[in-house]
Amino acid sequence: MKMVSIGDINLNVLDRGSGGIPILFVHGFPLDHTMWRRQSDYFSDHERVIVPDLRGFGKSGVTKGTVTMEQHADDLAKLLDALHVDEPIIYCGLSMGGYIGWQFWKQHRERLRGLVQCDTRALPDTKEAAANRLQQAERVVVEGSGFVADAMLPRLFAAETIAEQPEMVAAMERIMRATPSEGIAAAARGMAMRENFIEQIEQIDVPTLIVVGEHDAIAPPEEMQTIADAIPEAVWLQVPGAGHMAPLENPTVFNDGLAEFITM
């Protein structure tokens, strides 16, 4: 791990492997780069893997107020510049990382070789959901990160994951509870104001892999199938036995699917 300056802030990033295709793995909310450990171990033997903590998460610097998905996308482009990554990359994002992925395509299309969107949505928040996020942002600043973990954890994983992989679930809970409260609040405000991307996805013109856990309760397979159907020649991967954290819950199926996608 190393700290990389992108101008106004430092990002903590894992940069492993050399040669091959650079893969940028972007974590979900409110987690950090460690959710991609099984992917970084698997792919770094043949590809270059770049796995950052986003602004406000993990050990990266924290910005108070609001951090939009557009700003996160620009941060990642600046990170690639700082790491001297000149060739097109595979962008792989989960959940909030997927929201950022839509903006990365929109703002930095020339940097993309392929796009992998995992357990995410193209629709914006409803008015009610946006209001809940804003309320969550105010509450987390006062109470700390613990209540976010309590609220989110049961919805992140499939029931069999919770039963069969309790140590992994507990590790993710510890990360959530350790996430800076101001980072959570800034990202929650940014997600509440994200744009409706559903009418733009049919314009995506890079190879795209759409991934969803079989039991995802946050980004259901039916909704993600609609996204896959709208993107020209998108590749579809439903991960059995997994919930919202499909790459973490069933890494064998996910890694095999991503490896096949990279070689297409």
TODO: Quick one: what are the phi-derived ³J(HN,Hα) couplings along segment 24-41, Karplus 6.51/-1.76/1.60 with θ = phi - 60°, whole Hz, x for glycine and proline?
DONE: 9, 9, 10, 6, x, 9, x, 10, 8, 4, 5, 5, 9, 4, 5, 7, 5, 5
Task: Solvent-accessible area, 1.4 Å probe, carbon plus sulfur percent, for the chain - done: 49
TODO: Run through all the Cα pairs of the chain and give the fraction in each 10 Å bin from 0, expressed as whole percent.
DONE: 7, 33, 40, 19, 1
Open item on the list: Let me check I have the definition right: for segment 43-199, take the eigenvalues of the Cα gyration tensor, multiply each by 5, take square roots. What are those semi-axes in whole Å, largest first?
Closed with: 25, 20, 16
Open item on the list: Taking a ≥ b ≥ c as the square roots of the Cα gyration tensor eigenvalues, with a/c under 1.5 meaning rounded and otherwise prolate when a/b beats b/c, else oblate, which class fits segment 203-258?
Closed with: oblate
TODO: Quick one: accessible surface of SER44, probe radius 1.4 Å, all protein chains present, in square angstrom to the nearest 10.
DONE: 10
- [ ] Take the cross-link list LYS2/LYS127; LYS78/LYS127; LYS64/LYS127 and give me the ones stretching past 29 Å between alpha-carbons.
- [x] LYS2/LYS127; LYS78/LYS127
- [ ] Using label points projected 7 Å from each Cα along Cα→Cβ, tell me how many nm separate ARG16 and GLU223, to one decimal.
- [x] 3.1
Task: Enclosed volume per residue, in Å³, of the convex hull spanned by Cα atoms of segment 140-188 - done: 64
Task: Solvent exposure of segment 1-92 as accessible area per residue, Å², 1.4 Å probe - done: 38
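For the chain, what does -39500 (n - 2.57) per DSSP helix run (n ≥ 4), summed and divided by total residues, give at 222 nm, in deg cm²/dmol to the nearest 500?
Helices in the chain give a 222 nm mean residue ellipticity of -13500 deg cm²/dmol.
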- [ ] For segment 133-264, evaluate the Debye formula with one uniform point scatterer on each Cα (no solvent term) and list log10 I(q)/I(0) at q = 0.10, 0.12, 0.16 Å⁻¹, rounded to two decimals.
- [x] -0.41, -0.59, -0.98
TODO: Starting from 0 in steps of 10 Å, tell me what percent of the Cα-Cα pairs of segment 1-91 lands in each bin.
DONE: 17, 54, 26, 3
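The values are calculated or read from the model by the stated rules, or taken from the named source; none is laboratory data. Model, not experiment: these values are computed from the prediction. So basically every Cβ, Gly included, is an ideal-geometry build from the backbone, and we count neighbours across all protein chains shown. For the accessible areas, the whole protein counts, side chains as well, though only heavy atoms, and no ligand, DNA or RNA atoms are used. Shrake-Rupley method; radii C 1.70, N 1.55, O 1.52, S 1.80 Å.
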